[in-house]
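Have a look at the structure below, then the notes.
The values are calculated or read from the model by the stated rules, or taken from the named source; none is laboratory data. In this text, all values refer to a predicted model and were calculated from it rather than measured experimentally. As a convention, Cβ positions derive from the backbone with ideal geometry for all residues, glycine included, and neighbour counts pool all protein chains shown.
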Amino acid sequence: MEEIVLYEKKDKIAVVTVNRADALNALNKDVNLALLDCLDKAAADDDVRVVILTGSGNRAFIAGADIKEMLPLSSPEARDHGLRSKRVADKLWNLEKPVIAMIDGFCLGGGLEYAMACDIRIASEKSKFGLPEITLGIIPGSAGTQRLPRLIGLTKAKELALTGEIFDAKLALDYGLVNHVVPSETLAEKTYALADRIARQSAFSAKMVKTAMNKGTETDMETASLFEINCFALCFSTREQKEGMQAFVDKKKK
Ligand code: CO8
């Protein structure tokens, strides 16, 4: 039987692919458990510098949580379901390596919530975004009501979550929800080029950038800038800092 989530390593890049193309990569319990395993694997592998999260087929990144699986749930069961998917979103957010969402098609509900827990989002022109939960009589359950306003502002986020509107990649770019929009044919090339560029930087610096920004934007400026100084100072205990600065002083190209 085919794996429900695929894990591949290409040089210093781990690619995690939700592999349920027939169901537009909808997130069921097995997908979430497999995602947790794959992210743990990427976290534990020092060779892996960057993770790419994507969906299989050419129609969807992830079209949300599996509606058929959720239909019969009671409130306590739904809470457990939500907590499991929160663990996935938290793992993406807290992974000490940059994670890029490579989006080719529908990126809805829980799919958008996972994409928003990644550090960078690159989408194809045909991609469609939205938090349509309200049209199903529920609300987002993996921090979608929290990450969307933090990424694009409360005004637009409220409108999108209250209407469930599905919007296209151009609007997602205008909102600042995605970093780049490219044709489907060049999506993989663009994503790998970006991942490769990040993978060539100091792994420790990348971890510190992600940590300082994620933690810092959740607190006040004074605490955040002191936290950043601690991260900055820690970089001076790495080989990369000594080598990087020495190379500059010696006028050697990196
Ligand atoms: N759940 C289950 N199955 C799905 C889902 C989904 N979210 N999305 C698509 N599928 C299945 C369809 O049922 C269909 O299967 P089948 O062939 O067996 O009938 C197959 O994928 C193809 O889909 P369609 O035939 O519907 O394809 P269309 O091109 O006609 O439509 C759409 C594509 C517009 C994407 C449509 O499939 C759709 O609206 N899907 C649902 C989108 C949605 O509402 N997503 C939000 C779900 S709720 C959510 O994510 C809450 C997250 C809360 C946190 C997580 C807690 C666990």
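So which of Asp30, Asp47, Asp40 is on the phi < 0 side of the Ramachandran plot, surrounded by fewer than 22 Cβ atoms within 10 Å (Cβ to Cβ), assigned by TED's automatic domain parsing to the domain that holds Val88 and part of a loop (DSSP other than H, G, I, E, B)?
Asp47
Give the residues of segment 83-93 that are without any contact (Cβ under 8 Å) to a residue 40 or more places away in the chain and under 24 Å from Ala203 (Cα atoms), sorted by residue number.
Asp90
Given (1) in a loop (DSSP other than H, G, I, E, B); (2) free of Cβ contacts under 8 Å to residues at least 12 places away in the same chain; (3) away from the ligand (no atom under 12 Å from the Cβ), identify the lone condition not met by Glu96.
With respect to (1) in a loop (DSSP other than H, G, I, E, B); (2) free of Cβ contacts under 8 Å to residues at least 12 places away in the same chain; (3) away from the ligand (no atom under 12 Å from the Cβ), Glu96 is out only on (2).
Return a yes/no flag: does segment 107-125 have any residue that is touching a Pro at 6+ places or on another chain (Cβ under 8 Å), among the β-branched types (Val, Ile, Thr) and farther than 17 Å from Asn214 by Cα.
Scanning segment 107-125, I find no residue that is touching a Pro at 6+ places or on another chain (Cβ under 8 Å), among the β-branched types (Val, Ile, Thr) and farther than 17 Å from Asn214 by Cα, so the answer is no.
Can you name the residue in segment 70-86 that is over 15 Å from Asp30 (Cβ atoms) and near the ligand (Cβ under 10 Å from one of its atoms) and, of all such residues, is surrounded by the fewest Cβ atoms within 10 Å (Cβ to Cβ)?
For segment 70-86, the residue satisfying everything is Leu71.
Give the number of residues within segment 174-198 that are assigned to a helix (DSSP H, G or I) and β-branched (Val, Ile, Thr).
Within segment 174-198, residues that are assigned to a helix (DSSP H, G or I) and β-branched (Val, Ile, Thr) number 3.
Taking the stated definitions as given, is Ala195 modelled with pLDDT of 95 or more, more than 16 Å from the ligand (Cβ to nearest atom) and within 18 Å of Leu53 (Cβ to Cβ)?
yes
Which of the residues that make up segment 191-212 are within 16 Å of Arg121 (Cα to Cα) and surrounded by fewer than 18 Cβ atoms within 10 Å (Cβ to Cβ)?
Selection gives Ala193, Asp196, Arg197.
What tally of residues in segment 6-32 results from selecting those that are of a type in the set (S, T, N, Q) and touching a Leu at 6+ places or on another chain (Cβ under 6 Å)?
Going through segment 6-32 one residue at a time, the tally reaches 2.
With respect to Lys158, determine if the residue is within 23 Å of Ser56 (Cβ to Cβ), in the same structural domain as Thr17 (by TED's automatic domain parsing) and not hydroxyl-bearing (Ser, Thr, Tyr).
no
Can you spot a residue in segment 225-234 that is β-branched (Val, Ile, Thr) and either free of Cβ contacts under 8 Å to residues at least 24 places away in the same chain or closer than 19 Å to Val51 by Cα (or both)?
Yes, there is a match, as at least one residue in segment 225-234 is β-branched (Val, Ile, Thr) and either free of Cβ contacts under 8 Å to residues at least 24 places away in the same chain or closer than 19 Å to Val51 by Cα (or both).
Listed residues Ile67, Ile120, Ile62; which is within 13 Å of the ligand (Cβ to nearest atom), modelled with pLDDT of 95 or more and closer than 17 Å to Ala172 by Cα?
Ile62
What number of residues within segment 123-138 are of a type in the set (Ser, Thr, Tyr) and within 11 Å of the ligand (Cβ to nearest atom)?
Summing the residues that are of a type in the set (Ser, Thr, Tyr) and within 11 Å of the ligand (Cβ to nearest atom) in segment 123-138 gives 1.
I want to confirm something. Restricting to segment 129-146 and keeping residues that are within 28 Å of Lys215 (Cα to Cα) and surrounded by fewer than 20 Cβ atoms within 10 Å (Cβ to Cβ), which single residue is farthest from the chain's Cα centre (by Cα)?
In this case the residue turns out to be Ile139.
Could you list all residues from segment 99-117 that are away from the ligand (no atom under 11 Å from the Cβ) and either in a helix (DSSP H, G or I) or outside the structural domain of Leu173 (by TED's automatic domain parsing) (or both)?
Ala115, Met116, Ala117, listed by residue number.
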